[in-house]
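Data block below; observations after.
The numbers here are math on the coordinates, done by the rules we state, and not lab data. Every value quoted in this text rests on a predicted model; they were computed, and no experiment measured them. Cβ atoms come from the backbone with ideal geometry, glycine included; neighbour counts cover every protein chain shown.
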Amino acid sequence: MTLAIDRTQLESRETRDIPTVAGASLRVPLVTGGDIGYANLDHAASAPCLDAVRAKVDEFLPWYASVHRGAGFASQVSTKLYERTRDILRRFVDARRTDTVVFTRNTTDAFNLLARSLSRHTTVIVFDTEHHAALLPWQGPNVRRIPTPRTRLAAVSAVDEALADAPQGPRLVVVTGASNVTGELLPVAEIAAVARKHGARVALDAAQLAPHRRISIKELDVDYVALSGHKLYAPFGAGALIGRADWLRAARPYLAGGGATKLVTEDAVVWNTGPERHEAGSPNTVGVYALGVACETLSASWDAVVAHEQALLARLRKGLAGIPGCAELRLFDAPVDRVGTVSFVVDGFDPGWLAAVLSAEYGIGVRDGAFCAHIAAKRLIGVTGGEGQQAVRVSLGLGSTEEHVDRVLLALRQIVARGARWEYAKVDGRWAPVGDPRELPPFC
């Protein structure tokens, strides 16, 4: 009895410690009538805004002004917050003292910036199952895409072999921290150790890892980290590339324009050498500030955040395993550490149709498709014995609750057993309720 009381007290304390999100009390209409509290199980696509972020942004907005060159007091305030966020991000990823922080729009933008900063002789090694943000920016004959093996040890060995076969010169290994399809964590530190042996650098796609776990550039021994604010509960259009400054300092500016320049004459341009070199134009000061607030908020609550998510993940996976015809997608054969993202297929059911029914009849938001990781989705569905490259993805986060998990499991069991209660048809390639009676909010 004492143990049960202690556990309840612990869970209550952890729940209080979890940062809250905007939209937690949102209600959505059902196609069958009435409304229900929205079960947002699509955090891997874009996470809701933290209440702390919203409050701080509202507080800052009256002070918003142009940064760096304004003489006005509001401009000085904006510049202070903008530049202070670089230090916040360095601490958030436990960066080296000499690492630079370049603000971008998102992870895709960050990797495109890094790709533009490579010499044309750089060999890039990347798993072909990466998210397109980490897969596609690297172009040319020096790009080596390698299949992701079915074990973590084999993945490390594959990188080792690819580096051993690569020509001499600069080399970069690109690896995700957590798969956006399966949630599984890749052996980043082990891959980085292999890269060091060959004199290569490592770029970490932390878009899916950063909202769920602590990251340490020093401990992982990676050279670059890319992340997105909209995954980190700060959906205001900012991201960052954090890492070694030398390649970025030597590269041509990512964008040409004001802010990236030190001096412009009739005959020449002298470009800045710091992070401003790649931040031309008026920056997204509000988005950058929001990103910093989110990072500080999460950093103060990691233990509670991880415990909350792992409990929900275990509940979800156990329930999915009991649904007839449901097969979970996995990169690796053996169980590995993972964040709260699960993709699955249900035999005989179109994933897009399933997602539409979950939304229209149960008020549940999930993602369907190939998740901007087409090669991964197709290959992993094939491992289950299925065909195509479409699946359903449930992704947990700070806005997820036990009721949300139980609701999606009950809904899937009911759909598999008796089908939908409404008629659905494809509209512009997407499944939708026929004669949908639901009205959009007035601001739409």
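List of remarks:
- Euclidean distance between Cα centres, segment 49-81 to segment 185-249, Å: 27
- Spatial extent of the chain: Rg and Dmax, with the Cα atoms as the point set, Å: 23.0, 81
- Highest-fluctuation residue, T176, T341, T401 considered, GNM on the chain with Cα pairs under 10 Å: T401
- Counted charge near F344, where neighbours are those whose Cβ lies closer than 12 Å (Asp, Glu -1; Lys, Arg +1): +1
- Cα centroid of segment 112-148 to Cα centroid of segment 373-444, whole Å: 32
- Alpha-carbon centroids, segment 265-326 and segment 337-355: separation in whole Å: 24
- Total formal charge among the other residues, if their Cβ is under 14 angstrom from that of P48, Lys/Arg +1 and Asp/Glu -1: 0
- Percent of C-alpha pairs per 5 Å bin in segment 355-444, short distances first: 2, 11, 17, 20, 21, 19, 7, 2, 1, 0.
- Net charge contributed by nearby residues that have their C-beta within less than 12 Å of V293 (K/R +1, D/E -1): -1
- Sites R27 and R97 - FRET efficiency at Förster radius 56 Å, r taken between beta-carbons, to 0.05: 0.70
- C-alpha long axis of helix 152-165 to longest principal axis of the chain, angle in °: 30
- Cross-link reach is defined here as a Cα-Cα straight distance under 12 Å, omitting same-chain residues fewer than 8 places apart; for K318 the aspartates and glutamates meeting it are E328, D406.
- With Cα atoms, 0 to 90° folded angle of helix 51-60 axis to the chain main axis: 40
- Where labels lie 7 Å past Cα in the beta-carbon direction, separation of A250 and K218 in nm: 2.7
- Whole-Å semi-axes of the ellipsoid equivalent to segment 120-214 (Cα gyration tensor, √5λ, descending): 21, 15, 12
- Here K262 is the anchor, and the lysines within straight C-alpha reach of less than 28 Å, apart from those fewer than 8 places off in the same chain, are K80.
- Computed helical MRE - 222 nm, the chain, DSSP H runs ≥ 4 contributing -39500 (n - 2.57), nearest 500: -11500 deg cm²/dmol
- Think of segment 254-402 as having a plus end and a minus end, set by charges on the Cβ of Lys, Arg, Asp and Glu; of T285, F371, A300, F371 sits farthest toward the positive end of this dipole.
- Dipole of the chain, positive end: most advanced residue of A154, S359, G419 [Cβ charges, Cα centre]: A154
- Gaussian network model of the chain, springs between alpha carbon atoms under 10 Å - residue of L61, L209, L313 with greatest fluctuation: L61
- Student exercise, the chain dipole from Lys, Arg, Asp, Glu Cβ charges, in Debye to nearest 20: 760
- Farthest towards the positive end of the charge dipole of the chain, among the residues N106, A45, I191, is the Cα of I191, using unit charges on the Cβ of Lys, Arg, Asp and Glu.
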